[in-house]
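Have a look at the structure below, then the notes.
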Amino acid sequence: MAGKENREGVFTEAKDIVNQLAVIIRTAAIHDPGNIAVTTAIDKFIAVVNPLILSERELLLELGGEFFYFNEARIRYPLEYLPNFDFLVREFKKRGLGSIIFRDALESEDMQGFLRAFITSASSLEPFETLAEELSDVGSLSVGRLRKIREEKKEEGASNVRQMIKKSYFNAVSYTRGVISKIKSGEKLNIKKAKRVVESMVDLILEEEQMLLGMTSIKDYDEYTYHHSVNVSILSVALGQRLGLSKRALTELGLVALFHDIGKIEIPNEVLNKPTGFTDDEWHIVQKHPFWGVRAILKMKGIDATAARAAIVAFEHHMYHDLSGYPKTREPLELDFFSKIISLADQYDGMTSARVYSRIPMPPDRALSLMMERAGTQLNPILFKFFINMVGVFPVGTLVMLDTKEMGLVYQSGAIFLDRPKVMVIINSQGERVDKYVVDLTEKTPDGKFVRTIVKTMDPNKYRINLAEYLL
C-alpha cells in the first residue's frame, strides 16, 4: 500500500516537472542558458525532479500522440498548464524527440547543456541526430527518437494520410446528409450510429489535427448545412483536445456537435434559403429551431446520456455566454460546457462560410477579430483564447501577401509563433502562378532576421482562388 501511495505521489509531481521543463525552454529561447533567469528556472526543475529520480531510479518522460507519459502513465494536468504542455508537444515534434530518460541526479550544468543542445537542434537539418550527438557526453540523461507510424516514404505517407482525412470528412458529410433526409421523411434514427463516424474524426484529430482542421476551410455553398455540421464537430473536438478532454469525452462532444443544428430541418426552405434579410415573423420562426432540435433528438431511438446532452446543446447553442441570445429562459442558468465550446465553433464556421444571404464568406482573420470583440459577452473569453491558440492568428485557408511579394495560403498554423504559420505559396514575387511550395515563416537568416513576414491578408474570391484546389 505504501508503494502505491508513493507512486501516486510521483505521478502527481509529473505535471509540475513537464510544466517547469516548458518554462525552462521558453526562458532559454529568450536568454542564454547561463542567464540567472534560466538558472533559477533550472534550480526549480532540479528540486522537483531529483528526489523522484532517486526514488524511481529512472524516469522516462515520453511523448505519445498529443500527450506526455511519465514512466508509461499518462500525465493529466489542470487547464492553466495547457499552454506550456501544448508548447512542449510541438517543440518535441519539431525535433523528432520522443522521450527524455533521466538516470542520475541532475546538476545545473547538465540542464544547461541540454538546453543548448535543444535550442541548437531546432535549426539543424537533422534535429534529433544533432540533439542526441550534443548530449552524448551528458551521463545523467539521454533522449529517444519520436516513434512514428509513418516514418518511411514520408511524402507518399503524407499523401495517403490526406486521402484518409478526405475520406473521413466526406463520409461524415454523407452521413449528415442521410440523417437529415431520414428525419425529414419521418424515420426514427439511433444517435449511437453516428459514433463510428465521429470516432474516426477523433482519431485523426489526435494524430493529424492541422490536416483535418484544414478540411473545415473548404466551404461548399450548395451543401452548407451538411458541411457546417461536420465542421462544427471537427472544430469542437479539436478545441476539446486542446482542453485536455479524454478520448471518450471528445467522441461525445463530436456527436453532440454534429446534431447541434438539427432543429433547422423544421424551418421552411423559403425562409432558410432566403437571399435577403429576415422579416420579424421569419426571424421568430428561425429562433424556434433550438426547440425543434430538442424535439428531433428526443424522438430518436436509444435515448441515453449522450442524446440528452445533445438535446441540451441544441437548446443552448445560441443563448450566448451572457445569456443575451435565444431562447430566453425564466431563470438565469449556467450553460453546459459543451454548449460553450460548440457556440464558438458554430460562430466561426458560420461567419467563414458562404451562405444564401452571404455568398462571399468572411475572411478567417476578420472572423476572429469580430469574435474577439464578442469575447466576454457572446463568447466565453477563456475558451476563446484556447480557440485562437488552436487556429492561429492566421487560420488555415487565409490568403496572405508576404513582404517578398509572394502570395499564398496559410497551410498550417504556427506552433510557437501564432502569427508565423506555414504558407503554401501559389503566386511568386513576379506575380506569376507557380507550382505550390510551402515556406515556414519562422525561418531566419544567419543574422537572425525572419526570411518572410505576412504583410496583409487578401480576399481569395477577388483573385478567383479556389481553396479546394490547393488544400484538398
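With +1 on each Lys and Arg Cβ and -1 on each Asp and Glu Cβ, and nothing else charged, work out how big the dipole of the range 2-145 is about its Cα centre, in Debye to the nearest 20. Present the calculation step by step, with values, prior to reporting the outcome.
Values: 15 positive and 23 negative charges, 89 e Å.
For this selection, approximately 420 debye.
Are there GluC sites (Glu not before Pro) in the range 78-144 that DSSP marks as loop and that have at most 15 other Cβ atoms within 10 Å, and which are they?
Loop-located and lightly packed - 107.
Scan the chain and report its longest stretch carrying no chymotrypsin sites (Phe, Trp or Tyr not before Pro) that are both in a DSSP loop and have at most 16 other Cβ atoms within 10 Å.
Counting only loop sites that pass the neighbour cut-off, the longest clear stretch is 1-277.
Which Cα, out of 31, 351, 401, lies furthest along the positive dipole direction of the chain (beta carbon charges, K/R +1, D/E -1)?
It is 351, whose Cα lies furthest towards the positive end.
Pairs 264/299; 405/444; 167/264; 422/456; 182/299: which exceed 19 Å Cα-Cα?
Among 264/299; 405/444; 167/264; 422/456; 182/299, the Cα-Cα distance tops 19 Å for 167/264.
Taking square-rooted eigenvalues a ≥ b ≥ c of the alpha carbon gyration tensor, is the range 2-145 rounded, prolate or oblate, where a/c under 1.5 means rounded and, failing that, a/b exceeding b/c means prolate?
rounded
Just rank 260, 227, 321, fewest to most, by other beta-carbon atoms within 10 angstrom.
Working: 260 29, 227 24, 321 21.
Least to most surrounded, the residues fall as 321, 227, 260.
Cα centroid distance between the range 362-402 and the range 290-304, in Å?
Cα centres, the range 362-402 to the range 290-304: 32 Å.
Among 346, 459, 336, which comes first, second and so on when ranked by fewest other beta-carbon atoms within 10 Å?
The order, fewest Cβ neighbours first, is 459, 336, 346.
Tell me whether the range 399-471 comes out rounded, prolate or oblate; compute the Cα gyration tensor, take square roots of the eigenvalues as a ≥ b ≥ c, and use a/c under 1.5 as the rounded threshold.
Taking the square roots of the gyration eigenvalues as a ≥ b ≥ c, the range 399-471 is prolate.
Among 45, 130, 389, whose Cα sits farthest toward the positive end of the charge dipole of the chain (+1 at Cβ of Lys/Arg, -1 at Cβ of Asp/Glu, about the Cα centre)?
Positive-end residue among those listed: 389.
When the dipole is taken about the Cα centre of the chain, and only Lys, Arg (+1) and Asp, Glu (-1) are charged at their Cβ, what size is it in debye, to the nearest 20? It would help to have the intermediate numbers written out before the result.
Numbers: 61 positive and 63 negative charges, 364 e Å.
The dipole of the chain has a size of about 1740 debye.
Could you work out [θ]222 nm for the chain from helices alone, using -39500 (n - 2.57) per DSSP H run of at least four and dividing by all its residues? Round to the nearest 500 deg cm²/dmol.
After summing the helix terms and dividing by the residues of the chain, the value is -17000 deg cm²/dmol.
Please tell me the relative contact order of the chain in percent, rounded to the nearest whole number, where contacts are Cα pairs under 8 Å and at least six residues apart. Can you show the working numbers first?
Values: 695 pairs, mean separation 47.9, N = 472.
Relative CO of the chain lands at 10 percent.
How high is the relative contact order of the range 399-471, in percent, counting Cα pairs under 8 Å that sit 6 or more residues apart?
So the answer I get is 30 percent.
Give me the distance between the Cα centres of the range 88-117 and the range 210-249, rounded to whole Å.
A separation of 34 Å, based on Cα centres.
If each residue of separation counts as 0.36 nm, what is the full-extension length gain between residue 101 and residue 195 once their alpha-carbon separation is subtracted? All intermediate terms of the calculation are to be shown ahead of the outcome.
Numbers: separation 94, 0.36 × 94 = 33.84 nm, distance 3.83 nm.
Length gained between residue 101 and residue 195: 30.0 nm.
Which helices pass in the chain if a helix is a full DSSP H run, must span at least 27 angstrom along its long axis by Cα, and must have mean Kyte-Doolittle hydropathy not below 0.5? Mind showing how you got there, number by number?
Working: long enough: 2-30 (43 Å, 0.09); 36-56 (29 Å, 1.34); 154-184 (45 Å, -0.61).
Result, helices passing both filters: 36-56.
How do 93, 405, 449 rank when sorted from fewest to most other Cβ atoms within 10 Å of their own Cβ? Show your work: numbers first, answer last.
Details: 93 15, 405 12, 449 8.
Ranking 93, 405, 449 by Cβ neighbours within 10 Å, fewest first, gives 449, 405, 93.
Only one of the listed values, [x] 22.9, 72; [y] 24.3, 76; [z] 27.0, 88, was derived from the coordinates as Rg and Dmax of the Cα atoms in Å; which label is it?
Computed from the coordinates, Rg and Dmax of the Cα atoms in Å corresponds to [y].
With both partners inside the range 339-446, how many of the DSSP beta bridges are antiparallel, as a percent to the nearest 5?
The answer is about 95 percent antiparallel.
Excluding residues on the same chain fewer than 8 positions from residue 436, give the aspartates and glutamates whose Cα lies under 14 Å from its Cα.
Hits, sequence-local ones excluded: 406, 469.
Computed FRET efficiency, Cβ-Cβ of residue 73 and residue 280, R0 56 Å: what is it to the nearest 0.05?
0.45
Among 181, 18, 302, whose Cα sits farthest toward the positive end of the charge dipole of the chain (+1 at Cβ of Lys/Arg, -1 at Cβ of Asp/Glu, about the Cα centre)?
The Cα lying farthest towards the positive end belongs to 181.
Take every DSSP beta bridge with both residues inside the chain and express the antiparallel ones as a percent of the total, to the nearest 5.
Bridges in the chain are about 95 percent antiparallel.
The numbers here are math on the coordinates, done by the rules we state, and not lab data. For clarity, every value in this text was computed on a predicted model and none was experimentally measured. With ideal geometry, Cβ positions are generated from the backbone for all residues, glycine too; neighbour counts draw on all protein chains shown.
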